Every structure is written in structure tokens, then in C-alpha cells.
Amino acid sequence: MNQLSPSTVPAHVAIIMDGNGRWANARGLPRAMGHRKGVEAVREAVKTAAECGISYLTLFAFSSENWSRPESEVSDLMGLLKAFIRRDLAVLHKQNVRIRIIGDKTNLSGDILPLLLEAEETTRANTGITLVIAFNYGARDEIARAARQLAAEVAAGRLEASAITSERIGAALDTAGIPDPDLVIRTSGEERLSNFLLWQAAYAELMFIPEFWPDFSRDTFVAALSRYAMRERRFGGLQPATTLATGS
């Protein structure tokens with residue numbers, strides 16, 4: 001592994017895990033095989049992030065728009081998520097990983113919600129890397145839910161409209177208590193955020209890499225971190241920020 005200076009390792013990395021289906025198609029395999037291979041890349045990414053000293057790793061696992069995919073694919077994705085939690089939760093807990101779930105938890109059917117809540121509760125007291133799983137997540141929906149919450153507080157007389165600041169909005173988002181991402185990575189060569197962490201990524205460094213997610217290896221991750229270390233973060237100012245690569 002390339003040597004990374006602790007001072008240049010981002011505190012929070014968020015990843016849009018894209019390209020499972022195209023990885024499978026390129027090999028003449030069913031899309032489901034790409035998703036299964038993608039789960040292996042998730043395990044490797046969590047391990048690498050922890051070893052590199054990253055404090056928060058957010059993975060875009062399932063968007064609120066993904067429900068429109070073919071029913072068979074959605075079913076397979078749900079099965080993989082359940083299998084990941086059931087198989088890996090004990091291992092992650094033993095490794096001191098804390099799990100947070102962001103996204104709309106209302107109207108989730110079956111045993112998905114209980115499994116997600118179990119993962120959060122089981123690892124709540126852990127002090128190692130925080131693995132944030134964005135499930136049934138869409139940034140616009142997240143912001144709308146936060147706005148409704150704040151509007152209800154104003155209507156009830158518990159909050160003055162003039163007291164609604166960017167900090168107050170941030171505290172009403174799913175990511176409350178989680179620092180904004182320093183680096184957002186998207187795999188597969190696509191160059192868009194796709195409704196992911198739109199509020200939180202306001203000053204994040206963006207990195208688009210050509211590899212499909214199943215090919216996202218330890219070396220790929222470390223190379224991305226090395227590229228990040230070369231960037232100057234100004235946060236709207238003229239001089240490089242003193243918090244360069246240590247979190248916003």
C-alpha cells in the first residue's frame with residue numbers, strides 16, 4: 001500500500017458505488033452477479049478505509065429512485081443487503097465499526113427495517129470507523145423532510161423562522177452529527193452526484209474514476225486518497241484552508 005500521511009487523509013469519504021450491472025454485462029454475466037461482486041468490494045473498501053485512518057465512510061447502497069428498477073433486480077439487491085447485514089454485522093461489530101443508516105425509513109416493508117435498526121443499535125457504542133449506509137436515500141427528499149420538520153416546529157411555536165440557519169437545517173438532516181464529506185468518489189466513469197449528499201457535499205472534493213465498482217480495489221482506493229492529498233481546499237477563500245484534508 002502507498003504510504004499516506006495521516007495529515008492528508010480525509011476524515012469522511014463518501015462513495016457512489018456505480019457500475020455493477022455494466023461490469024456484469026461486459027463479462028456476459030447476469031446483472032445480479034455484478035451486485036454480488038460489488039458486495040465484495042464493499043468489504044474491501046471498509047477494511048481499507050479503517051486501515052488508512054478514515055473516520056467516516058458513506059456508501060450509497062440504494063437510492064429512493066432505485067425502486068423503479070425491474071422487480072427482480074430490486075429483490076436481488078434487497079437480498080444482498082439482508083445477507084450482508086446478517087453475515088457481516090458480527091464481524092464489523094468485532095472490528096469496532098459503528099453503523100449509521102441514512103435515508104427515509106418510513107414505509108419500508110418486510111424485515112429490512114428491523115435489520116437496519118439492529119445494525120445501528122448493535123454497533124452504537126463502537127468507537128472505530130463509522131460506516132454510513134445510504135439506503136432508500138435521496139438528497140432532495142432528505143432536505144424536504146428536514147424542511148417539513150422545521151416548518152412544523154415553527155407552526156407549533158417552538159421555533160422562530162428567523163432562527164432557521166444553515167446549521168439548524170444541517171442538524172435536521174439524516175446526517176446530523178456526521179461531518180460533511182471531504183471527498184466524494186463515483187466509480188464507473190459517470191460524472192454526476194445523482195441526488196447524493198447534495199447539501200453535505202457543498203465543499204467536498206469530487207473524484208470520478210473509470211473503474212466499475214466491483215473493480216474498486218484497495219489499490220484503487222489508496223490511489224484516490226493520494227490524488228486527494230494533492231488538492232488545495234479553500235472553502236471559498238483565496239488561500240488553502242488550514243483544515244486541508246482533515247475535514248471541513
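The values are calculated or read from the model by the stated rules, or taken from the named source; none is laboratory data. Remember, predicted model here, so these are calculated numbers, not experimental data. In this analysis, Cβ positions are derived from the backbone assuming ideal geometry, glycine residues included, and neighbour counts consider all displayed protein chains.
The table below gives the values:
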item: Selection status of residue 84, touching a residue at least 40 places away in the same chain (Cβ under 8 Å), assigned to a helix (DSSP H, G or I) and either under 17 Å from the mean Cα position of the chain (by Cα) or under 24 Å from residue 172 (Cα atoms) (or both); result: yes
item: Given (1) within 15 Å of the chain's Cα centre (by Cα); (2) at positive phi; (3) assigned to a loop (DSSP other than H, G, I, E, B), number of the condition residue 175 does not satisfy; result: (2)
item: Residues of segment 180-215 classified as more than 13 Å from the chain's Cα centre (by Cα), buried (at least 21 other Cβ atoms within 10 Å of the Cβ) and of a type in the set (Phe, Trp, Tyr), total; result: 2
item: Residues satisfying the stated conditions in segment 57-86, i.e. of a type in the set (A, V, I, L, M) and surrounded by 14 or more Cβ atoms within 10 Å (Cβ to Cβ); result: 57, 59, 61, 74, 77, 78, 80, 81, 85
item: Positions within segment 204-232 being basic (Lys, Arg) and closer than 22 Å to residue 43 by Cβ, in sequence order; result: 218
item: Tabulated pairs, segment 134-156, first surrounded by fewer than 12 Cβ atoms within 10 Å (Cβ to Cβ), second polar (S, T, N, Q), C-beta under 8 angstrom, 6+ apart or interchain; result: 140/195
item: Tabulated pairs, segment 185-213, first under 21 Å from residue 137 (Cα atoms) and touching a residue at least 60 places away in the same chain (Cβ under 8 Å), second among the acidic types (Asp, Glu) and outside any loop (DSSP other than H, G, I, E, B), C-beta under 6 angstrom, 6+ apart or interchain; result: none
item: Residue within segment 157-170 that is free of Cβ contacts under 8 Å to residues at least 24 places away in the same chain, in a loop (DSSP other than H, G, I, E, B) and either in contact with a Lys or Arg (Cβ under 8 Å, 6 or more places away or on another chain) or of a type in the set (A, V, I, L, M, F, W, C) (or both) present; result: yes
item: Subset of segment 97-143 (residues that are part of a loop (DSSP other than H, G, I, E, B), at pLDDT 95 or above, polar (S, T, N, Q) and farther than 16 Å from residue 59 by Cβ); result: 126, 127
item: Residues satisfying the stated conditions in segment 87-112, i.e. under 21 Å from residue 143 (Cα atoms), within 18 Å of the chain's Cα centre (by Cα) and surrounded by fewer than 19 Cβ atoms within 10 Å (Cβ to Cβ); result: 104, 105
item: Single residue of segment 11-56 satisfying the filter (buried (at least 20 other Cβ atoms within 10 Å of the Cβ), touching a Gly at 6+ places or on another chain (Cβ under 7 Å) and not polar (S, T, N, Q)) that is nearest to residue 192 (Cα to Cα); result: 17
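Here is a yes/no grid of residues against (1) over 28 Å from residue 71 (Cβ atoms); (2) under 14 Å from the mean Cα position of the chain (by Cα); (3) in a helix (DSSP H, G or I):
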site	(1), (2), (3)
14	yes, yes, no
29	no, no, no
36	no, no, yes
44	yes, no, yes
48	yes, no, yes
